[in-house]
Amino acid sequence: MAIGRQQVAFIRELYGTRLRVAYQGHVRRNPAARLLLEAGRQDPYPIYEQIRRRGLLVPTPLGNHATVSHAACNEVLRSRNFGVGQTEGRDNQLSLLDLDPPDHTRLRRLVAPDFTSRRIPAFAPRVQSVLDDLIKKLPRDEPFDLVSSFAAPLPIAVITDLLGIPDANAEEFAMHGARFGSALGGIQSLAHARELMATRARLAEIFTEIFELRRQEPKDDLIGRIVAANQSSTEAVRPEEMVPLCTLLLIAGFETTVNLIGNTVLALLSHPDQWRLFTEQPELADKVVEEGLRYDPPVQRTGRMAMVDTEVLGRPVARGEFVMTALGGANRDPAVFTDPGRFDITRSNAGEHLSFSGGIHYCVGAPLARLEASMALRTIATEFPDLQPAGKRVRRAGSLIRGMQHFPVSVPRARQTTIV
Ligand code: HEM
C-alpha cells in the first residue's frame, strides 16, 4: 500500500519526537526525558527524585515544565488558569479528558451522578458475585496469571454492566483497553496508530448498535440516559460526543483498576510484613487501597496547559506552556508523606495521594475503583494468604499507565485454604 503525504508527515513527527527524547534521555541523561524511555517504564521513582533535586518546576528538553512537587501538582490541577487546551475542530476522542469548560461541565454533569460515593456501594453485591466466580475458576495446583485471571475480568464485568453493554467479551475488551492505554502515553509507530484506529472503529460500532437499541427501547442504564439526553430538547450531549464519552467511561473504567489491583498485590508480596499484617487483618483493605494508590499509581502523570500568563507557587509559566504533573512523583513528596519510599498499609495520610488527579478532571470513577479494589484485595488476602510470585512478570508497554501485563502467582499446594 502506498504511503500518503499525511502519513509521511505523521511518521516524521513521530520519529522526530522519539529521536529528541532518546537523545535527551540516553545522551544528555535528562530525567524528564528518561521518564518516557525504558528506564521510566521499569522504575520511574528514582527518576522522580532526580527531578525533585533539580527544583520545583523543571524545564524539560521537549519545551515543557515538569513537577514532582505535591503542592505544585495540586495547584496546577486545581487552577482555573490551566486547562487541557481544548481546540476547535479536534476530534476530542478522550471526551471529558480533552475538554475544558463549558463543554467539560456539561458532559461531566450528565455522567457524574452515576458514580457518586452514595450510589456506588449498591454495586457491592455485583462485585462480590463476580469475585466469587473468578475465585472458583482459579487453578489450585498450578501458577496462574493474576492479571488475566483475576484483576482484569472484574472491572471489565462491572463497567460493562454499569454502562449496559450486553454479553461483553472480556478478552476483546481487555485488548481494546490495552491498545487505548498504551496510546495515552503517545503513539509508538505507524502500526500502533493503525491498531488504535481499528480499536476505535470497533468500539464505535459496538456503541452505535447499543444507542440504536436504546432509541427503540429506552432503558434506565447509563447508555440509556446518554441517549435520552441527546434526544432531549436541551441536547445535553451532541451526537458526535456520544461514542467518545462512552469509550472513555469504558476504558477508564477498567484499564486503571486492573493495574491498581496488580500493583498493590505486587507491593504487598514484595513487603512480606505488610502482606502478613493484611492477611491477619483483612479489614485493613480500604487502607491498603489508599497506600497502593499512593505507592505505585496506575496513572503516573498528566498535565495542563497555561491558558494565560500565570504562576505556579510563584514561578512564572507563560500562556501556552505545558506543565507535566508527575502524580507518581507527587505521591512520594517528603513534604507530605513521611519516609515516602516505604510501603506502609497503616500510613495515616495515604489518602492525600494525587492518583485520581485533582480539580475539575478529578477521576469520576474514584468511588467505583476504590470499591472494586478493596473487595478484590480483601478476597485475595482471605482466600490465598500463602500467595506468592511464580515466575517472570511482564510490564505493560508505555510509561504513562503503569502496571503488569502478566503477573504469574501461585499458592503452595499443601497450604491452600478449602474453597467450595
Ligand atoms: C484505580 C483506578 C483509577 C485511577 C488511578 C484513575 C485515574 C484517573 C485520573 C488520574 C484522571 C484524571 C486525569 C487528568 O487529570 O488529566 C481520571 C479521570 C477520569 N476517570 Fe479515572 N481512574 C481510575 C478508575 C476509573 C474508573 C473505575 C472510572 C469509571 C468510569 C474512571 C473514569 C474516569 C473519567 C470519566 C475521567 C475523566 C474525568 C474528567 O475529565 O472530568 N476512572 N482518572
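Coordinate-derived values only; no laboratory data. All figures in this text were calculated on a predicted structure; none of them were measured in a lab. Ideal geometry is used to build each Cβ from the backbone, glycine not excepted, and the neighbour counts take in all protein chains shown.
Quick one: dipole size for segment 103-156, taken about the Cα centre, charges +1 on Lys/Arg Cβ and -1 on Asp/Glu Cβ, in debye to the nearest 20.
Result for segment 103-156 is approximately 460 debye, rounded to the nearest 20.
Please compute the length gained on full extension between Thr87 and Ala335, using 0.36 nm multiplied by the number of residues separating them and subtracting their Cα-Cα distance. Numbers along the way, then the final one.
Working: separation 248, 0.36 × 248 = 89.28 nm, distance 3.62 nm.
Fully extending the segment from Thr87 to Ala335 adds 85.7 nm.
Taking a ≥ b ≥ c as the square roots of the eigenvalues of the Cα gyration tensor of segment 181-301, is the shape rounded (a/c under 1.5), prolate (a/b larger than b/c) or oblate?
Oblate shape, in that a/c is at least 1.5 and b/c is the bigger or equal ratio.
State the volume of the convex hull built on the alpha-carbon positions of segment 5-415, expressed per residue in Å³ and rounded to an integer.
Expressed per residue, the convex hull around the Cα atoms of segment 5-415 is 149 Å³.
Would you kindly state how much longer the chain becomes between Gln388 and Arg78 on full extension, computed as 0.36 nm times their sequence separation minus their alpha carbon distance, in nm to one decimal? If you can, show how the numbers build up before the last one.
Details: separation 310, 0.36 × 310 = 111.60 nm, distance 4.06 nm.
Roughly 107.5 nm would be gained on extension.
About its Cα centre, what dipole magnitude does the chain give when the only charges are +1 on Lys and Arg Cβ and -1 on Asp and Glu Cβ, stated in debye to the nearest 20?
Taking the Cα centre of the chain as origin, the dipole is about 1240 debye.
Principal axis extents for segment 11-117, Cα atoms only, whole Å, descending order, please.
Sorted largest first, the three principal extents are 48, 36, 26 Å.
Picking from Leu19, Leu162, Leu268, which is most flexible by a Gaussian network model of the chain using Cα springs under 10 Å?
Leu19
Within 11 Å, Cβ to Cβ, of Pro166, how many net charges do the neighbouring residues add up to if Lys/Arg are +1 and Asp/Glu are -1?
-3
Test of understanding: express the Cα radius of gyration of segment 250-354 as a ratio to 2.2 N^0.38 Å, with N the residue count. Intermediate values should be presented prior to the final figure.
Numbers: Rg = 16.6 Å, N = 105, 2.2 N^0.38 = 12.9 Å.
Taking the Cα Rg and dividing by 2.2 N^0.38 Å, one obtains 1.29.
Starting from the 7 Å offset along Cα-to-Cβ, what nm value, one decimal, do you get for the label separation of Arg215 and Arg194?
Those two pseudo-labels are separated by 3.3 nm.
Given the options Met242, Phe150, Asn263, identify the residue whose Cα lies farthest towards the positive end of the charge dipole of the chain (+1 on Cβ of Lys, Arg; -1 on Cβ of Asp, Glu).
Most positive-ward Cα: Asn263.
Using a 10 Å cut-off around each Cβ, can you sort Arg106, Arg20, Arg194 from fewest to most neighbouring Cβ atoms? Walk me through the intermediate numbers first.
On the way: Arg106 17, Arg20 14, Arg194 11.
Least crowded to most crowded, the residues run Arg194, Arg20, Arg106.
With a sphere of radius 11 Å drawn around the Cβ of His406, what net charge do the other residues whose Cβ falls strictly inside it have (Lys, Arg +1; Asp, Glu -1)?
+3
In deg cm²/dmol, rounded to 500, what helix-only [θ] at 222 nm does the chain give when every DSSP H run of at least 4 residues adds -39500 (n - 2.57) and the total is split over its residues? List each step's numbers first, then the result.
Details: 16 runs with 206 residues, N = 420.
Rounded to the nearest 500, the figure is -15500 deg cm²/dmol.
Mark the label point 7 Å from the Cα of Ser148 along Cα→Cβ and return the residues of segment 245-265 whose backbone N is within less than 16 Å of it.
No residue passes the distance filter.
Based only on other Cβ atoms within 10 Å, what is the fewest-to-most ordering of Lys392, Lys137, Lys287, Lys219?
Values: Lys392 8, Lys137 11, Lys287 19, Lys219 14.
In order of increasing Cβ crowding within 10 Å: Lys392, Lys137, Lys219, Lys287.
Which of the listed residues, Leu131, Ala168, Pro102, is farthest toward the dipole's positive end in segment 84-180, when Lys, Arg count +1 and Asp, Glu count -1 at the beta-carbon?
Pro102
For segment 90-157, rounded, prolate or oblate, judged on the Cα gyration tensor with a ≥ b ≥ c (square roots of eigenvalues), a/c < 1.5 rounded, else prolate if a/b > b/c?
The shape class here is oblate.
What is the Cα centroid distance between segment 35-89 and segment 209-252, reported in whole angstrom?
Cα centroid of segment 35-89 versus Cα centroid of segment 209-252: 35 Å apart.
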